[in-house]
Ligand SMILES: *[C@@H]1O[C@H](CO)[C@@H](O)[C@H](O)[C@H]1NC(C)=O
Ligand SMILES: *[C@@H]1O[C@H](CO)[C@@H](O)[C@H](O)[C@H]1NC(C)=O
Ligand SMILES: *[C@@H]1O[C@H](CO)[C@@H](O)[C@H](O)[C@H]1NC(C)=O
């Protein structure tokens, strides 16, 4: 019996962050423990305090440390093995990382306490010169022997020599079963990194001698490929094919991420890939049975893979470990929860700037909509607050990418933390004078069309998809049909359903209802679906002007991030202005995050 219903409500204040809401009981599917078991996180983006306004995801990194340790006890008691994996994008996206000076000093101290067996870099670790150096000088040594970088090099901060960010691969044998594993750590073919790192295309890496030797080693029971790479991707397919040229039947387990979705890919009956969501919402679980081992090397292996996406809350953790609030936490887990509380206090992340009168959604409602976060920005925040003194009342149109906004706003207190969560990028504004309003509209239209409209983008400009939130990426990956991939994001039924806020059944609450290559039974918690709507790549706000009689010419204001795309679209629209040469700063003292905080302080009083 996989399904067990535990219909009690947990008393509150059990979650380790004092401000975290208690999880809500819900029907759960059990974990199926195998010979070899894995716990996986990806794209945590600094959310190590968990979600303080969402009960389903309210456990923190300290709780996860207790969970991994209790699962290990339970699994090792049976003579089996557990490995813990993280596949990158640990940085940027939450005040716990972004608001310290320098960034990340608290985060890396918190992170290091989890025992991780294979850990890799994401693209966010490589955007800035000093972020990748911090990775090289702090995180790599903190996870010595576990950190793998199969296709990333860095110019050494001291010697300036080009060196691997971390070891290319690792061969090890599991403690209890004696499973012989060759593990790699990849990043997708990313080219937005700062020039102190070099990301080698996966297709080139797999031709190199060291990789060829590693995959042709004998006495390997499992190839383990961890990476900041989508589960369904050409990069993983290339690695899969290369291994299968030489090892047609050795089991392969991939772990991936980047798209922020729960996903599972079956490459063949012995090769699968798991992606475990984003933002500490999901702890991915995998088990494999039927592997050969150093003790039983000759069994022809017929592996059985099982996957589960665990909602990151204590209700799930207690259930899967069979423990309760007294027996579950470990001393180390408690210590780390306390570290997080102390860091949040030091960073004043609990400071309340105002109170939101309603929920504002990124993708649970269409755009435009009264409850859309983009409509709120376009109709209220930007017209009220985005003003350049020197431009007086010259009308303007501001263009922002939807991907610059990273999360929903919930009804209730708007914390310092909330500002960093919804707008982690400290982007400033720029503008071009005297642009015909009609041309601005054409530019926006171009930016919101498929990339083919622009022809081949410049080498250094990634596709237009980069303007939208990463969740939208999975739609254009081609791996799933449009409707399936829409469903994959929040696991929504393919047709668009109205926002469900009420409970149809007392024990079932809205959340992930994932559909992947193995079916619809992956989520540990049985939910009913949350609606999902596509949003455009960019949206616009009209400033100092009335929509009913649009001005003839305007200041074309834009957020810095869109500049290279805008320059291309402007050419396409035959705009007679050289961007960025003829652009200037707009409201120079303000970035997007400060602008939002400023508006909330003025407009959203708490009762
Ligand atoms: C990198 O430099 C920026 C700009 O000076 C600073 O805000 C940030 O804290 C630095 N990040 C790290 C990881 O040192
Ligand atoms: C990297 O970019 C900086 C400018 O941001 C430039 O000064 C430097 O020469 C570049 N280094 C290399 C190795 O291309
Ligand atoms: C937890 O913190 C206490 C107090 O700082 C310390 O004495 C103890 O060794 C820590 N325990 C673990 C397992 O880290």
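Could you please let me know if residue 266 is touching a strand residue (DSSP E or B) at 6+ places or on another chain (Cβ under 9 Å) and away from ligand 1 (no atom under 16 Å from the Cβ)? Against the criterion (touching a strand residue (DSSP E or B) at 6+ places or on another chain (Cβ under 9 Å) and away from ligand 1 (no atom under 16 Å from the Cβ)), residue 266 qualifies.
Taking residue 352 as the residue in question, decide whether it is farther than 27 Å from residue 522 by Cα, surrounded by 24 or more Cβ atoms within 10 Å (Cβ to Cβ) and touching a residue at least 24 places away in the same chain (Cβ under 8 Å). In short, no.
So which residues in region 416-428 are surrounded by 23 or more Cβ atoms within 10 Å (Cβ to Cβ) and not in a loop (DSSP other than H, G, I, E, B)? Within region 416-428, 417, 418, 419, 420, 421 qualify.
Every residue, every condition in (1) in a loop (DSSP other than H, G, I, E, B); (2) out of contact with any helix residue (DSSP H, G or I) (no Cβ under 7 Å at 6 or more places or on another chain); (3) outside the structural domain of residue 431 (by TED's automatic domain parsing), yes or no:
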{"site": "541", "(1), (2), (3)": "no, no, no"}
{"site": "548", "(1), (2), (3)": "yes, yes, no"}
{"site": "556", "(1), (2), (3)": "no, no, no"}
{"site": "562", "(1), (2), (3)": "no, no, no"}
{"site": "570", "(1), (2), (3)": "no, no, no"}
{"site": "585", "(1), (2), (3)": "no, yes, no"}
{"site": "590", "(1), (2), (3)": "no, yes, no"}
{"site": "593", "(1), (2), (3)": "no, no, no"}
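To keep it simple, each residue is scored yes or no on (1) touching a strand residue (DSSP E or B) at 6+ places or on another chain (Cβ under 9 Å); (2) closer than 23 Å to residue 306 by Cα; (3) modelled with pLDDT under 95; (4) assigned to a loop (DSSP other than H, G, I, E, B).
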residue: 40; (1), (2), (3), (4): yes, yes, no, no
residue: 46; (1), (2), (3), (4): no, no, no, yes
residue: 53; (1), (2), (3), (4): yes, no, yes, yes
residue: 63; (1), (2), (3), (4): no, no, no, no
residue: 66; (1), (2), (3), (4): no, yes, no, no
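Inspection of region 176-187 finds no residue satisfying the criterion of being touching a residue at least 24 places away in the same chain (Cβ under 8 Å) and within 16 Å of ligand 3 (Cβ to nearest atom).
Counting only residues that are touching a strand residue (DSSP E or B) at 6+ places or on another chain (Cβ under 9 Å), more than 16 Å from ligand 3 (Cβ to nearest atom) and closer than 20 Å to residue 227 by Cβ, region 87-112 holds 4 of them. For region 286-343, a residue qualifies if it is part of a strand (DSSP E or B) and either touching a helix residue (DSSP H, G or I) at 6+ places or on another chain (Cβ under 8 Å) or within 16 Å of ligand 1 (Cβ to nearest atom) (or both), and the qualifying residues are 310, 311.
Residues in region 113-121: is at least one touching a strand residue (DSSP E or B) at 6+ places or on another chain (Cβ under 7 Å) and either within 16 Å of ligand 2 (Cβ to nearest atom) or modelled with pLDDT under 95 (or both)? There is no residue in region 113-121 that is touching a strand residue (DSSP E or B) at 6+ places or on another chain (Cβ under 7 Å) and either within 16 Å of ligand 2 (Cβ to nearest atom) or modelled with pLDDT under 95 (or both).
Contact annotation: no residue pair with Cβ atoms under 9 Å, 6 or more positions apart or on different chains, pairs a residue in region 307-332 that is outside the structural domain of residue 274 (by TED's automatic domain parsing) with a partner that is away from ligand 3 (no atom under 16 Å from the Cβ).
Against the list (1) surrounded by 24 or more Cβ atoms within 10 Å (Cβ to Cβ); (2) closer than 20 Å to residue 82 by Cα, the condition residue 289 fails is (1). Residue 545 falls short on exactly one of the conditions (1) modelled with pLDDT of 75 or more; (2) within 30 Å of residue 400 (Cβ to Cβ); (3) in contact with a strand residue (DSSP E or B) (Cβ under 6 Å, 6 or more places away or on another chain), and that condition is (3). Under the condition of being more than 14 Å from the chain's Cα centre (by Cα) and within 11 Å of ligand 1 (Cβ to nearest atom), the residues counted in region 98-128 number 12. Annotation: residue 479 fulfils all but one of (1) in contact with a helix residue (DSSP H, G or I) (Cβ under 7 Å, 6 or more places away or on another chain); (2) surrounded by 15 or more Cβ atoms within 10 Å (Cβ to Cβ); (3) farther than 20 Å from residue 282 by Cα; (4) at pLDDT below 65; the unmet one is (1). Of the helices (runs of 4 or more DSSP H) lying entirely inside region 149-249, those containing at least 3 residues that are in the same structural domain as residue 124 (by TED's automatic domain parsing) and under 28 Å from the mean Cα position of the chain (by Cα) span 202-205, 234-246.
Any residue that is farther than 20 Å from residue 403 by Cβ, in the same structural domain as residue 405 (by TED's automatic domain parsing) and assigned to a loop (DSSP other than H, G, I, E, B) - is there at least one of those in region 365-384? So far as region 365-384 goes, yes, one or more of its residues are farther than 20 Å from residue 403 by Cβ, in the same structural domain as residue 405 (by TED's automatic domain parsing) and assigned to a loop (DSSP other than H, G, I, E, B).
In region 114-148, the qualifying residues are those that are in a loop (DSSP other than H, G, I, E, B) and either outside the structural domain of residue 330 (by TED's automatic domain parsing) or touching a helix residue (DSSP H, G or I) at 6+ places or on another chain (Cβ under 8 Å) (or both), and the one that is nearest to residue 87 (Cα to Cα) is 121.
Annotation: of all residues in region 306-364 being within 16 Å of ligand 3 (Cβ to nearest atom) and under 24 Å from the mean Cα position of the chain (by Cα), the one that is farthest from residue 539 (Cα to Cα) is 333. Residue 296 passes every criterion in (1) modelled with pLDDT under 95; (2) more than 30 Å from residue 177 (Cα to Cα) apart from (2).
The values are calculated or read from the model by the stated rules, or taken from the named source; none is laboratory data. As the structure is a computational prediction, the values presented were derived from the model and not from experiment. Counting neighbours? That spans all protein chains shown, and the Cβs are built from the backbone with ideal geometry, glycine included.
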